[in-house]
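Following: one structure in structure tokens, then a few remarks.
No value in this document is a laboratory result; all are computed from the given coordinates. Quantities reported herein were computed from a predicted structural model and do not represent experimental measurements. With ideal geometry, Cβ positions are generated from the backbone for all residues, glycine too; neighbour counts draw on all protein chains shown.
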């Protein structure tokens, strides 16, 4: 199953999960706790304990991390 782009549900994630993504922007394989949080927030995923992080998703997370470093309070 293909997931919606992370940008579409980023704001629904718990702040701690968004922080985890920004601290680990290149991660392809997510820890189960992160996958469970995503599934709880968006009700989506690729099955139990799985979630595909695309290159576009990783780029979005890198942009969010850069904005955080620059003090941009945007989403």
Given the Cα-Cα distance of residue 54 and residue 32 and 0.36 nm per residue of separation, how much length would full extension add, in nm?
6.2 nm
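Classify region 6-68 as rounded, prolate or oblate from the Cα gyration tensor: take a ≥ b ≥ c as the square roots of its eigenvalues, call it rounded if a/c is under 1.5, otherwise prolate when a/b beats b/c and oblate if not.
Numbers: a/c = 1.67, a/b = 1.42, b/c = 1.18.
Judged from the Cα gyration tensor, region 6-68 comes out prolate (a/c at least 1.5, a/b above b/c).
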How much FRET efficiency would the formula 1/(1 + (r/R0)^6) give for residue 4 and residue 69, where r is the Cβ-Cβ distance and R0 is 22 Å, rounded to 0.05?
0.25
